[in-house]
1. Calculate, in nm to one decimal, what ALA96 and ASP137 gain on full extension: separation in residues at 0.36 nm each, minus their alpha carbon distance.
2. For helix 2-13, report the angle its Cα long axis makes with the longest principal axis of the Cα atoms of the chain; keep it between 0 and 90° and round to the nearest 10°.
3. Please give the peptides 28-36, 70-78 ranked by average Cβ packing (other Cβ atoms within 10 Å per residue), highest first, as a rough proxy for protection.
4. How are the Cα pair distances of segment 1-156 distributed, in percent, across 5 Å bins from 0?
5. Taking K and R as +1 and D and E as -1, what net charge do the other residues with C-beta under 12 Å from the C-beta of ILE56 add up to?
6. Given contacts defined as C-alpha pairs under 8 Å and at least six residues apart, what's the relative contact order of segment 59-142, whole-number percent?
7. With runs of 4+ DSSP H residues as the only contributors, calculate the mean residue ellipticity of the chain at 222 nm using -39,500 (n - 2.57) per run, divided by the residue total and rounded to the nearest 500.
8. Compute the long axis of helix 18-68 from its Cα atoms, compare it with the longest principal axis of the Cα atoms of the chain, and write down the angle in degrees, 0 to 90, nearest 10.
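All of the numbers you see were taken from the coordinates with simple rules; none came from a lab. This one's a predicted model, so the numbers in the text were calculated from it and none came from an experiment. Methodologically, a virtual Cβ is constructed for each residue, glycine included, from the backbone with ideal geometry; neighbour enumeration extends over all protein chains shown.
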Amino acid sequence: MESKNAMSSRSRATGFSLIELMVTIAILAIILMIGIPSFQNLFENSRINRANDNFIAAVNLARSEAITRELPAGGRVVLCERNADATACSGDAAWADGLMVLEAEADGTVVQVIRVWDPIATASVAAGANSVTFSPDGRANPAVGFAVNVSDKSQAYCLRPTGSVFKGACP
């Protein structure tokens, strides 16, 4: 008899009961309910930072390329929203289809596409102009304000006539 009791108590000692399993699942569900919104905020903040970084990088690249390239008379470097083929500027001021830096002649003919940035989901750049041109001395024309928008968050930037950009609305 003693061997049967010892055997039955061993079999009960292994594994989890249904109640223990249900409590564990309930605790896991509560932790996930608390944690998932935090991850969504993390991803949203990542998109915002990426959109801001891409915009600043595009402005800085356009200005530095205008200064370092030996542009012909009237030549310029242009920052604009790209068209669907990423071969020229789209011509609208929405700037939601990605950014582009290109070299253009005085008549607007594209000489070379320098760099293209793909659009970021739920992000756009609202600009005060269709494009910004940088002259060989690094000056921007026109000096305008921009807003980088991601979902319901926005960051304002001001592009000065000198070609430098700073965070905040233009004075």
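1. 11.9 nm
2. Tilt relative to the chain: about 20 degrees.
3. 70-78, 28-36
4. Taking all Cα pairs of segment 1-156, the binned fractions are 2, 9, 14, 15, 12, 8, 5, 4, 4, 4, 4, 4, 3, 3, 3, 3, 2, 2, 1, 0, 0, 0 percent.
5. Neighbourhood net charge equals +2.
6. Details: 186 pairs, mean separation 28.7, N = 84.
Relative contact order for segment 59-142 comes out at 34 percent.
7. My calculation for the chain gives -13500 deg cm²/dmol from helical runs alone.
8. 10
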